[in-house]
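The values are calculated or read from the model by the stated rules, or taken from the named source; none is laboratory data. Keep in mind that what you see is a predicted model, and the values were worked out from it rather than measured. Neighbour counts run over all protein chains shown; Cβ positions are idealised from the backbone, glycine included. The accessibility values were calculated without ligands, DNA or RNA, using every heavy atom of the protein model including side chains. Shrake-Rupley method; radii C 1.70, N 1.55, O 1.52, S 1.80 Å.
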Amino acid sequence: MKLLHISDLHIGKKFRETDFTPDQIHILNEIVEIADTEKPDGIIIAGDVYDRSVPPAGAVNIFDDFLTKLEMRGINVFIISGNHDSPERLNYGKEILGKNRIYIAGTFKGELEKIALKDEYGTLNMYLLPYIKPSLVSNFHSEANVDSYEAAARFVIDRADIDTSERNILTAHQFVTNAGVEPEKSDSEVLTIGGLDNIDVSVFEPFDYVALGHIHGPQKVGRDTVRYCGTPLKYSFSECNHKKSVTCIEIKEKGNITISQIPLHPIRDMRVIKDKLDNLLHDSKYTGKNCEDYIYAIITDEEDIYDPIGKLRIVYPNILLLEVENTKTGLNENSKSSASDVENKSPMELFEEFYKNQNNVDLSDSQKQIIYEILEELGGEMD
């Protein structure tokens, strides 16, 4: 059986007031073309379908068109909600869509959802776990001692009584670590700090493959068969070096899994350019390639320049960010992060600093948990 693993579509995403709609339509159409070439039995969408809990109508139409194209090709589709999604909205039409091989686990119902598939090697069980947090699990299982994200995930998985003699795949949208070692992160993700939402990879031992969403860079966690596939597009300049792709999984008999990445090709890349303004405007090594890309420009001129971003926009119409780095600004890698410290910190980090300044003590773990869940309830997005 062949499956394609994608996640974190973030349809409706804006970055520095730039609308990614044309880019997202293009990349979703490319994923459909990949499906036409690869002929997968199913496509996994591991959460964060939308960029916010109440997506604009245009975003809903884009996803509807994408699902329609997959359904017309007879492909099974497995979808879970992420922390950016509204579980109830994503669940709309679940029963009707399920009859057309589009399986959605938007809201957590207290148990893992399972869809059993068959091929020449026997049964393959697809388990769907929408984004969960301890309070959500406790709502269904008051008897459970789930005081952490890891305890919540472990309780739900243990309760499912997985038959490990069969092939089992889990789709989840959580922050998974390996013995405390965190995956590589980027600026466009919404994560907490201090290990509050960490789930150790050992929790997923019963599964032959774990299709993860939440982290935007493609990577394994612990073993090769626990993977973040990453976003299909770059959503921050910290992702400039990412190689965006679709993860392809081929599963034969138990234990025989082949994993590969199929590259994606955006209509615009996202990249950083750095030089004196005149070079950025006239040197062919800059102006001769992909000037329509999303650009973060760093100019190194010592003298003051009138309207540098206006001048750059003539050559680079999609410039999104400009910095000046010279001896007067003192802008180096260390001072750069310091200068944008507040902008780059999450509300959770800012609240912790405020609390410590006011009380001269750190938040306790239980207090962090409460504040983290309050911030999530206030909007789901903590960036």
(Q) For the range 3-30, which positions are open to solvent by 30 Å² or more (accessible area, probe 1.4 Å) and either without any contact (Cβ under 8 Å) to a residue 60 or more places away in the chain or in contact with a helix residue (DSSP H, G or I) (Cβ under 6 Å, 6 or more places away or on another chain) (or both)? (A) 14, 17, 19, 21, 25, 29
(Q) Just to check your reading of the model, which residue among 212, 136 is outside any loop (DSSP other than H, G, I, E, B), touching a residue at least 24 places away in the same chain (Cβ under 8 Å) and closer than 23 Å to residue 258 by Cα? (A) 212
Q. So which residues in the range 53-89 are closer than 20 Å to residue 172 by Cα, in contact with a helix residue (DSSP H, G or I) (Cβ under 8 Å, 6 or more places away or on another chain) and either surrounded by fewer than 16 Cβ atoms within 10 Å (Cβ to Cβ) or in contact (Cβ under 8 Å) with a residue 60 or more places away in the chain (or both)?
A. 53, 81, 83
Q | Single match in 212, 233 (criterion: closer than 23 Å to residue 322 by Cβ and modelled with pLDDT of 95 or more) | A | 233
Q.
Just to be sure I understand, how many residues within the range 157-183 are assigned to a strand (DSSP E or B) and free of Cβ contacts under 8 Å to residues at least 12 places away in the same chain?
A. 1
Q. Here are 180, 222, 217: which of them is at pLDDT below 95, farther than 18 Å from residue 78 by Cβ and in contact with a His (Cβ under 7 Å, 6 or more places away or on another chain)?
A. 217
Q. Quick one: residue 98 ticks every box in (1) closer than 19 Å to residue 7 by Cβ; (2) open to solvent by 10 Å² or more (accessible area, probe 1.4 Å); (3) not acidic (Asp, Glu) bar one, so which box is it?
A. (1)
Q. Tell me, which residue of the range 101-128 that is in contact with a Leu (Cβ under 9 Å, 6 or more places away or on another chain) and among the aromatic types (Phe, Trp, Tyr) is surrounded by the most Cβ atoms within 10 Å (Cβ to Cβ)?
A. 127
Q: Determine whether the range 180-203 contains at least one residue that is open to solvent by 40 Å² or more (accessible area, probe 1.4 Å) and either touching a Cys at 6+ places or on another chain (Cβ under 8 Å) or basic (Lys, Arg) (or both).
A: yes
Q: Return the only residue of 44, 31 being under 23 Å from residue 229 (Cα atoms) and assigned to a strand (DSSP E or B).
A: 44
Q) Of the residues 131, 92, which is open to solvent by 10 Å² or more (accessible area, probe 1.4 Å) and closer than 23 Å to residue 175 by Cα? A) 131
Q: Provide a single number: the residues in the range 219-236 that are assigned to a loop (DSSP other than H, G, I, E, B) and surrounded by fewer than 20 Cβ atoms within 10 Å (Cβ to Cβ).
A: 2
Q) Taking the condition touching a helix residue (DSSP H, G or I) at 6+ places or on another chain (Cβ under 6 Å) and in contact (Cβ under 8 Å) with a residue 12 or more places away in the chain, does residue 319 pass? A) yes
Q.
Checking the conditions here, which among 50, 92 is in contact with a strand residue (DSSP E or B) (Cβ under 6 Å, 6 or more places away or on another chain) and more than 21 Å from residue 248 (Cα to Cα)?
A. 50
